[in-house]
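Taking it in order: structure first as structure tokens, then the write-up.
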Number of protein chains: 4
Amino acid sequence: MTLTVTADVRETVAGLRRDVARLHGELTRYALVVWTAGNVSARVPGHDLMVIKPSGVSYDDLTPENMVVCDLHGRVVEGEHAPSSDTDAQAYVYREMPHVGGVVHTHSTYATAWASRGEPIPCVLTMMADEFGGAVPVGPFALIGDDSIGRGIVETLRVSRSPAVLMRNHGVFTVGRDARAAVKAAVMCEDVARTVHIARQLGEPLAIGQSDVDSLFDRYQNVYGQR
Amino acid sequence: MTLTVTADVRETVAGLRRDVARLHGELTRYALVVWTAGNVSARVPGHDLMVIKPSGVSYDDLTPENMVVCDLHGRVVEGEHAPSSDTDAQAYVYREMPHVGGVVHTHSTYATAWASRGEPIPCVLTMMADEFGGAVPVGPFALIGDDSIGRGIVETLRVSRSPAVLMRNHGVFTVGRDARAAVKAAVMCEDVARTVHIARQLGEPLAIGQSDVDSLFDRYQNVYGQR
Amino acid sequence: MTLTVTADVRETVAGLRRDVARLHGELTRYALVVWTAGNVSARVPGHDLMVIKPSGVSYDDLTPENMVVCDLHGRVVEGEHAPSSDTDAQAYVYREMPHVGGVVHTHSTYATAWASRGEPIPCVLTMMADEFGGAVPVGPFALIGDDSIGRGIVETLRVSRSPAVLMRNHGVFTVGRDARAAVKAAVMCEDVARTVHIARQLGEPLAIGQSDVDSLFDRYQNVYGQR
Amino acid sequence: MTLTVTADVRETVAGLRRDVARLHGELTRYALVVWTAGNVSARVPGHDLMVIKPSGVSYDDLTPENMVVCDLHGRVVEGEHAPSSDTDAQAYVYREMPHVGGVVHTHSTYATAWASRGEPIPCVLTMMADEFGGAVPVGPFALIGDDSIGRGIVETLRVSRSPAVLMRNHGVFTVGRDARAAVKAAVMCEDVARTVHIARQLGEPLAIGQSDVDSLFDRYQNVYGQR
């Protein structure tokens, strides 16, 4: 049985095609990606479907029309192009984490530098406490081609408050309630990876107490922004 | 008693809404901010009012109309949006420092790196002597939610010639006679934070004598620019 | 005997003039070059001709018309301008490596930093395994003016899977099946040079096993992108 | 006796106003300056006059009309604005170095970092040998307000082949046969300052032999670019 984009979900998918295509502009704006190496996807809420970037297509050339709709095993349901080579990993995340509505993958420089040493980013900034609720954790080394990457992401995020995971020797995956939240987490992850890296170049950053981290995280998740 | 924007101040407020909205463009131009993490405010001269960025709204979407007018205890006087979560801290600064007409808050990378180590930026550049009159000082660790941040800013700036303070583990607050001057201080603070950081990566910068610092500061504050 | 652009190849050359002129925009987009210090060339398939940037002309001023057509000994066949001073080196590469259709030269910052220490970039990122199949190797120090640079490039690339070579104390040369592929290699080379540099600033990156490198390289070369 | 812009030089001055205004765009393009902290000037050939940026005016607001014409003692000859606070230093250079047709001043990050340690940039890149003919030298610490800065620049450049000098704890001054050449030297100086800094973060760059430096410098000064 192949899933299809049925009439009732057509409008939702059209909106997600626009969102996902456009959100890649944030990856280039913040220089989280070069060439074609990074992507955004969104779950189609209430359906076993996701919308994702086509593989190897330049960011300049992304349009709502060339986004690819896949089922949650990575099979193409609608689209002229092959989907991102990260589709299987992201589909795994959607299958296993029902509250996740968006996934982003980048090789952003500073986060990937931490990942290549297999070292979590310590929580030494109030902005990290706000957004990540603690350290940004490291997931295992995993080869592309089966469920290894997806499993590594899910197992690492399940025991953390962080929406970002540094996959060893590879790069960053972030999740969010929707694609925009996952993109925000990718932007913030690189920002704190860079700031903490630079801080540590000339000494040791001061620690933030666990109760202060908790208090900042709770407030930010519940109070910040427009109601 | 609630303050309101009375007829006599309407035009001034309209101008400040334009200035404050537009000055955020300098924060993005110099990459002092990512996503929505930083803001500019301006005092309404002669009134217990301030104009500030709405909370969690993208820089691309800022307009004179969606700026928020608050009183100097952070209560919204005019505006459809919730004000920046830094409103209380900035209101405290306006209450306690009557010569301050503008306040800026960022988490700019290099300045925040110094802040996370709790280390002042030493004055080893003539440009720092010009603008800051000495080292850029560090304020205390403070949680959001009461007057702690505002008090930390004011207590630190009162015993310094610097218009910038590095709040520990957090980021930068700058002040100026108006919003533009505070934005300039934020731009210069990140610039000197970066240059001195890079200088120290490969050795120790040479000191500038105190009398030379004083002479540069006096001249720059009194002679530079157009009369 | 002088080679000329004969009628049958006129259209191909016109297309390559457009491609080569436009691809320089990727060098400036990713800040791989400053002023006029870097260039792209393309082989004219099936002819002993190449299309290359004119020497010392600003990137803003490049047009299809001012590109220069040379033979594979660097002699101008068509064009009003003197060709890039790297023409001889690139012509040598086209003569000796028949599968190469494009060559790029830059002094991009991080790659050139590795080159100035004469140190290969170790393969500690999955993205490096994908694109370079191992370390990015270092070629010899060579002066401009004879075949030394071209020979150094060819001798180094022949014993490596990498499409990029770091020429000692100089900069980067990359090759590809066409000019676009060589530009991609130049972009990726600087990206991995930067990430691995930053990783090593705070410790030692974890190694990737040789069989994993092989597996990633094989898959990327054969499966990635659109069919 | 006050110099004036006489009729025979009016057209030349109009052209230089356009050139100098526009060349500031290269300083912002390559991020050599922030806010208003850097400037370009040009000698009016055959006259004791120079064209320079007005003091404290934003780069966005520079036009041919608001450039300032001064004599070579820094007195305003034509213009509505006060000239750059670096006018005296640059006027001194024009008086003492008759072959210089353009001067640029910046506080570009990496060059200023070397300057703050009082350390010359060693010549370990072929691009440095090309453009600078050796190390980029350091000039003395000097306060603004008399001839000290100008004298420091001239004394340092006179004993070097470099068109750039790092003024201690301050920033960079570059010279050229015209304003464009001085801007090029400023761009290249920051580029090599950055690359050599980054190279040295992880080890010691390999030396280039003096005869190779000489050979590269001679060729570049005499052969490179369009005839």
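Every read-out reported here was derived from the displayed coordinates using simple, explicitly stated rules and does not represent laboratory data. Note that this is a predicted model, so its numbers are computed, not measured. All Cβ positions, even for glycine, are placed from backbone atoms using ideal geometry, and neighbour counts span all protein chains on display.
One table, with the values for the structure above:
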item	result
Table column - 3J(HN,Hα) (Hz), the stretch C:51-65, Karplus curve with 6.51, -1.76, 1.60, x for Gly and Pro	10, 9, 4, x, 6, x, 9, 4, 4, 4, 9, 6, 9, x, 5
Chain B residue with Cβ closest to the axis mapping B onto C, distance in whole Å	B:201, 4
Estimated inter-spin distance, residue D:143 and residue D:60, nm [label 7 Å along Cα→Cβ]	3.6
Estimated dipole of the stretch D:7-222 in Debye, rounded to 20 [Cβ of Lys and Arg +1, of Asp and Glu -1, Cα centre]	260
Rounded to the nearest 20 debye, dipole of the protein assembly as shown from Cβ charges on Lys, Arg, Asp, Glu	320
Cα gyration tensor shape of the stretch D:114-180, rounded if a/c is under 1.5, else prolate or oblate by comparing a/b with b/c	oblate
In order through the stretch B:142-149: 3J(HN,Hα) via Karplus (6.51 cos²θ - 1.76 cosθ + 1.60), integer Hz, x for Gly, Pro	8, 8, 6, x, 9, 7, 4, 5
Neighbour net charge for residue B:103 - beta-carbon separation under 10 angstrom, K R +1, D E -1	0
Reciprocal of mean inverse Cα separation for the protein assembly as shown (Kirkwood radius, Å)	29.3
Copy-to-copy label separations for residue B:78, where each label sits 7 Å from Cα toward Cβ, in nm and ascending	4.7, 4.7, 6.6
Amide proton proximity set for residue A:166, modelled H, under 5 Å, gap of 5+	A:138, A:139
Rg/Rg_globular for the stretch C:30-156, with Rg_globular taken as 2.2 N^0.38 Å and Rg from C-alpha atoms	1.10
Within the stretch C:130-150, backbone nitrogen closer than 20 Å to the virtual label 7 Å beyond the Cα of residue D:214 toward Cβ	C:142-146
Those lysines that a straight Cα-Cα span of less than 26 Å connects to residue D:53, excepting residues fewer than 8 apart in one chain	B:184, D:184
The stretch D:7-222 - Rg over Rh from alpha carbon coordinates, Kirkwood radius	0.97
Built amide H within the under 5 Å cut-off of residue A:176, gap 5+	A:101, A:102, A:182
Backbone HN-Hα couplings from phi across the stretch B:194-200 [Karplus 6.51/-1.76/1.60, Hz, Gly and Pro as x]	5, 5, 5, 4, 5, 4, 6
Label 7 Å beyond Cα on the Cβ vector: residue A:45 copy-to-copy distances, nm	4.9, 4.9, 6.9
Dipole of the stretch D:7-222, positive end: most advanced residue of D:54, D:118, D:199 [Cβ charges, Cα centre]	D:199
Label spacing, shortest first and in nm, from residue C:11 to its equivalents in the remaining copies (7 angstrom along Cα→Cβ)	4.8, 4.8, 6.8
Spherically averaged projected area of the stretch B:142-219 from its Cα convex hull (nm²)	6.6
Over the stretch D:1-67, equivalent-ellipsoid semi-axes from the Cα gyration tensor in Å	24, 11, 10
Dipole axis of the stretch A:1-119 (+1 Lys, Arg; -1 Asp, Glu on Cβ), positive-most option in A:14, A:108, A:66	A:108
